[in-house]
Amino acid sequence: MQIDHVVTPTLLVPADLSDNAVTRFDGRLKELLAKSPMSIAFDVSQLENVTSSHIKLLWQAYHVCLDAGVTMKLKSLSPGLVRVLKVLDLYELLAEDHESMRPQLRKAVRIKPRGVPPPYADEFPTDSRSIDEALEGFLKYLRRFTLPEVVIFELRTVFYEVAANIRSYARMGDDDIVVFSARVEGSKLIMVFADSGVPFDPKSTTVDFDPRTASKNGQTRGFGLTLVRRLTDKMSYVRMNDVINVLTLEKKWN
Amino acid sequence: MDEQNITGHVLTDETLIVKPGKMLDNNNAHVMVETITSAQAKGYKFIIIDMAGLEFLSSAGVGSILGTVETSREIGGDIILCNVSDTILHVLKVLDLAGFLTIKSTEKEALTLCGIES
């Protein structure tokens, strides 16, 4: 009996994300994909201090592999990276061993309209067009569930307000992105927003709001987070590695 | 972006009707503020905002109305919302504004409030 030994090629994910390093990484990934491997191992051992740019790189690589029908495997994950991926709800998607599941199958599972719904994930820059596009993607995801129209509207409002708040106050660069994930658990939705902007804890804003005072003061802005707090059931915030803001929101219905 | 879709239409010397289009959000809320404050500066006491086509109202959109309504009320006028959909009304209720802002079901009712018989 002849046994074929399948060697999984390995690609080192650089900690340094200079233009040259990213170009080299992309080039090497293309070379490996051209050989049509079953899977590619991404050695992430250098990612001790994880930033949103690293997550963006992994996320983009994941999609390139997915489109090419190649399984992505992360190798040598640091505890810090595991923690970041788990908080962002991306651990299951990016890091769990899907040895037996080809990407095409995984993709099929992701678009399956019934049964246990898979998590949703996206990334977007904070210009208004990108926010609108990300919002459309999120709404498509929500439409796969039987949610009351008012709940969809509330979730749309929450997404928009958080993204717009990051755009206005996080002082992100043009190349910086927001990583977003969502998952439904029973009759609640959990949303996670991660960005590398300046530290800001939305929980520090008040839920109290007096229309008369706001009106008398001619206040036209600054109601977004109040609205988010009133439209959601739970909010938590952590600043990870002093680089990433992670905001988790929970919304229940029924 | 929907900033081009905010339109104003003069009804009388005292009344202007404004239609915000499909979206009133961070992209065009400043245009709504400018439209309203400009009308107030020209002496329009009543500004009717016809929300018939409005599909989304962000907090900035809410602010464009809330932050300008006092100026109209100080001169005996008001900003009146009409044709407000259930979802938009829901947002206003969440912010405790449904009882604070003047909301009428139809444009006709809004006009009546301004002393205009259609």
Residue ID - nearest to the chain's Cα centre (by Cα), chosen from residues in segment A:140-158 that are free of Cβ contacts under 8 Å to residues at least 40 places away in the same chain and within 11 Å of chain B (Cβ to nearest Cβ): A:Arg156
Yes/no for A:Phe180 being under 18 Å from the mean Cα position of the chain (by Cα) and among the aromatic types (Phe, Trp, Tyr): yes
Long-range neighbours under 9 Å by Cβ, at least six apart or interchain, first residue over 12 Å from B:Thr68 (Cα atoms) and at pLDDT below 95 within segment A:203-219, second among the polar types (S, T, N, Q) and surrounded by fewer than 18 Cβ atoms within 10 Å (Cβ to Cβ): A:Lys203/A:Ser236; A:Thr213/A:Gln219
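Of everything in segment B:9-36, what is more than 14 Å from chain A (Cβ to nearest Cβ) and either exposed (fewer than 15 other Cβ atoms within 10 Å of the Cβ) or among the hydrophobic types (A, V, I, L, M, F, W, C) (or both)? Give them in sequence order.
Pass one, segment B:9-36, residues more than 14 Å from chain A (Cβ to nearest Cβ): B:9-21.
B:His9, B:Val10, B:Leu11, B:Thr12, B:Asp13, B:Leu16, B:Ile17, B:Val18 - these are the residues of segment B:9-36 that are more than 14 Å from chain A (Cβ to nearest Cβ) and either exposed (fewer than 15 other Cβ atoms within 10 Å of the Cβ) or among the hydrophobic types (A, V, I, L, M, F, W, C) (or both).
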Wholly enclosed helices (runs of 4 or more DSSP H) of segment B:37-118 bearing at least 2 residues closer than 24 Å to A:Val162 by Cα and facing another protein chain (nearest Cβ under 10 Å): B:59-74, B:86-94
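Kindly evaluate A:Val84 against the criterion of being outside the structural domain of A:Asn241 (by TED's automatic domain parsing), part of a loop (DSSP other than H, G, I, E, B) and crowded, with 21+ Cβ neighbours inside 10 Å.
Details: outside the structural domain of A:Asn241 (by TED's automatic domain parsing): yes; part of a loop (DSSP other than H, G, I, E, B): no; crowded, with 21+ Cβ neighbours inside 10 Å: yes.
So A:Val84 fails the test.
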Residue under evaluation A:Val150, criteria (1) touching a strand residue (DSSP E or B) at 6+ places or on another chain (Cβ under 9 Å); (2) more than 20 Å from A:Asn245 (Cβ to Cβ), criterion not met: (1)
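Go through segment A:171-208 residue by residue and tally those that are β-branched (Val, Ile, Thr) and part of a loop (DSSP other than H, G, I, E, B).
Our first condition is that a residue be β-branched (Val, Ile, Thr); within segment A:171-208, this holds for A:177-179, A:184, A:190, A:192, A:198, A:205-207.
From what's left, part of a loop (DSSP other than H, G, I, E, B): A:177, A:198, A:205-207.
Qualifying residue count for the region: 5.
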A:Asp176, sole failed condition from (1) free of Cβ contacts under 8 Å to residues at least 12 places away in the same chain; (2) away from chain B (no Cβ under 14 Å); (3) surrounded by 18 or more Cβ atoms within 10 Å (Cβ to Cβ): (1)
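Quick one: which residue in A:Val228, A:Val243, A:Val162 is within 22 Å of A:Val84 (Cβ to Cβ) and either at pLDDT 90 or above or basic (Lys, Arg) (or both)?
On the way: A:Val228 fails: within 22 Å of A:Val84 (Cβ to Cβ); A:Val243 fails: either at pLDDT 90 or above or basic (Lys, Arg) (or both).
Of the residues listed, the single one that is within 22 Å of A:Val84 (Cβ to Cβ) and either at pLDDT 90 or above or basic (Lys, Arg) (or both) is A:Val162.
Quick one: how many residues across segment A:9-23 are part of a helix (DSSP H, G or I) and either surrounded by 13 or more Cβ atoms within 10 Å (Cβ to Cβ) or more than 24 Å from the chain's Cα centre (by Cα) (or both)?
We begin by selecting, within segment A:9-23, every residue part of a helix (DSSP H, G or I); these are A:19-23.
Pick out the ones that are also either surrounded by 13 or more Cβ atoms within 10 Å (Cβ to Cβ) or more than 24 Å from the chain's Cα centre (by Cα) (or both) and you get A:20-22.
Going through segment A:9-23 one residue at a time, the tally reaches 3.
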Residue that is nearest to the other protein chains (Cβ to nearest Cβ) [pool: residues in segment A:184-198 that are modelled with pLDDT under 90 and over 24 Å from A:Arg129 (Cβ atoms)]: A:Ser187
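Quick check: anything in segment A:230-240 within 30 Å of B:Arg73 (Cα to Cα) and assigned to a helix (DSSP H, G or I)? Even if it seems obvious, please write down each step before you answer.
Residues of segment A:230-240 that are within 30 Å of B:Arg73 (Cα to Cα), as a first pass: A:230-231.
Now restrict to residues that are assigned to a helix (DSSP H, G or I): A:230-231.
Scanning segment A:230-240, I find at least one residue that is within 30 Å of B:Arg73 (Cα to Cα) and assigned to a helix (DSSP H, G or I), so the answer is yes.
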Count - residues of segment A:24-67 that are farther than 20 Å from A:Glu123 by Cα and part of a helix (DSSP H, G or I): 9
Of the criteria (1) over 17 Å from the mean Cα position of the chain (by Cα); (2) closer than 22 Å to A:Ser187 by Cβ, which one A:Arg129 fails: (2)
Whichever residue in segment A:201-221 is in contact with an Asp or Glu (Cβ under 9 Å, 6 or more places away or on another chain) and of a type in the set (S, T, N, Q) and, among such residues, is surrounded by the most Cβ atoms within 10 Å (Cβ to Cβ): A:Ser215
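Any idea which residue in segment A:222-235 is farthest from A:Leu189 (Cα to Cα), counting only those that are surrounded by 14 or more Cβ atoms within 10 Å (Cβ to Cβ) and free of Cβ contacts under 8 Å to residues at least 60 places away in the same chain?
A:Gly222
The values are calculated or read from the model by the stated rules, or taken from the named source; none is laboratory data. Predicted model, so just to flag it, every value in this text is computed and none were measured. Counting neighbours? That spans all protein chains shown, and the Cβs are built from the backbone with ideal geometry, glycine included.
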